[in-house]
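Structure first, commentary second.
Here, each number is a calculation from the coordinates, and none is a lab measurement. A quick note: this is a predicted structure, and the numbers were derived from the prediction, not measured. Quick reminder, even Gly has a Cβ in these numbers, built from the backbone with ideal geometry, and neighbours come from all protein chains shown.
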Ligand SMILES: NC(=O)c1ccc[n+]([C@@H]2O[C@H](COP(=O)([O-])OP(=O)(O)OC[C@H]3O[C@@H](n4cnc5c(N)ncnc54)[C@H](OP(=O)(O)O)[C@@H]3O)[C@@H](O)[C@H]2O)c1
């Protein structure tokens, strides 16, 4: 039986991968036990596990902090995948790496979607470091799958939906401005974990877009989630200019899963149906968690 190594196993996506790969021979690792951006630690880990398949869910994901914490951002997002690829290439291991819609500039006319053959051009340090991570993989091994996903939410860890829910529960009457001029494809980490398992089983290689079908803006996403939970909210749409952030974000990063569909292995449904399923499956637990925090 193949051994699977899940890196970033305690994170939002990593913990769903741990559940999704349950029953197989899996090893999960995360900080602080192993820092894969340290080449020696990374290689020691790989030599001791000798995985046939590596699933890298680890990243420095604080998009705004990346603008100032450049060293930490580049170590985790560019150097670390490079080390994994170096080992995978030499040892004939299959590397599955998760990347982002933020490798694109976002200047496509609304609502044109982006496929894998479209040219990248990140506008943030996070996006630049993630694109560099992709490039290092492509340069060091040919046994890889890079899955670019977007706007992840899930049961574990932090995400936009939990933040919107927490702010609403803390102060239900207060107006909350939410950006309504950035469009993307919200994606449930549990479904992405299922997609990763399919890609692993088929050893489907190359760069893939891997998001839910359809698109929305952040305001629409926040409203849809609270409505699924039957919680009254007071969200107000605003523009990116009204809500400036340290990192620039793409206005249109709607991805099309062209290659997954060509191979007949796309598992994603429309984002609205996925969100409903998430709310049914985990809405109560998420509310309990948010109330405690
Ligand atoms: N979240 C999104 O909306 C989104 C959108 C598009 C793409 N993605 C990509 O999807 C993937 C999964 O994201 P996520 O939301 O699951 O992220 P997450 O919840 O932040 O999980 C990342 C995990 O990786 C760990 N990690 C970071 N640096 C590490 C290192 N050097 N060595 C070992 N472990 C390390 C983190 O540990 P600490 O928590 O201790 O730092 C954390 O447990 C990432 O590649 C991300 O770039 C995410």
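Counting only alpha carbon atoms, the long axis of helix 80-91 and the longest principal axis of the chain meet at about 30°.
Would you please classify the overall shape of segment 43-123 from the alpha carbon gyration tensor, given that a ≥ b ≥ c denote the square roots of the eigenvalues, rounded means a/c under 1.5, and beyond that prolate means a/b larger than b/c while oblate covers the rest? It would help to have the intermediate numbers written out before the result.
Values: a/c = 3.19, a/b = 1.63, b/c = 1.95.
Note, shape of segment 43-123 comes out oblate.
With everything on Cα atoms, drop me the angle between helix 39-49 and the longest principal axis of the chain, reported from 0 to 90° to the nearest 10. In the chain, helix 39-49 runs at an angle near 70 degrees to the longest axis.
For the chain, DSSP calls about 5 percent of its internal beta bridges antiparallel.
For segment 37-81, treating each Cα as an identical point scatterer without solvent, what Debye log10 I(q)/I(0) comes out at q = 0.14 1/Å? Debye output, listed in q order: -0.39. Relative to the compact-globule estimate of 2.2 N^0.38 Å, the Cα radius of gyration of segment 176-240 comes out at 1.45. A simple spin-label model places the labels of residue 90 and residue 25 2.2 nm from each other, with each point 7 Å out along Cα-to-Cβ.
Can you give the % of DSSP beta bridges in segment 130-260 that are antiparallel, to the nearest 5? Present the calculation step by step, with values, prior to reporting the outcome.
Values: 2 of 13 bridges.
Bridges in segment 130-260 that DSSP calls antiparallel: roughly 15 percent.
Take every pair of alpha-carbon atoms less than 8 Å apart whose residues are at least six positions apart; their mean separation over the length of the chain yields a relative contact order of 21 percent.
From zero up to wherever the largest Cα-Cα distance of the chain sits, split into 10 Å bins and tell me the percent of pairs in each. The calculated distribution, bin by bin, is 6, 29, 37, 22, 6, 0.
The three principal axes of the C-alpha atoms in segment 13-69 carry coordinate ranges of 40, 27, 17 Å, sorted with the longest axis first. With R₀ set to 35 Å, the beta-carbon distance separating residue 174 from residue 267 gives a calculated FRET efficiency near 0.35.
If the viscosity is 1.306 mPa s and the temperature 10 °C, what Stokes-Einstein diffusion coefficient in µm²/s follows for segment 249-293 when Rh is the Kirkwood radius over Cα pairs? It would help to have the intermediate numbers written out before the result.
On the way: Rh = 13.3 Å.
Using the Kirkwood radius from Cα pairs, D works out to 120 µm²/s.
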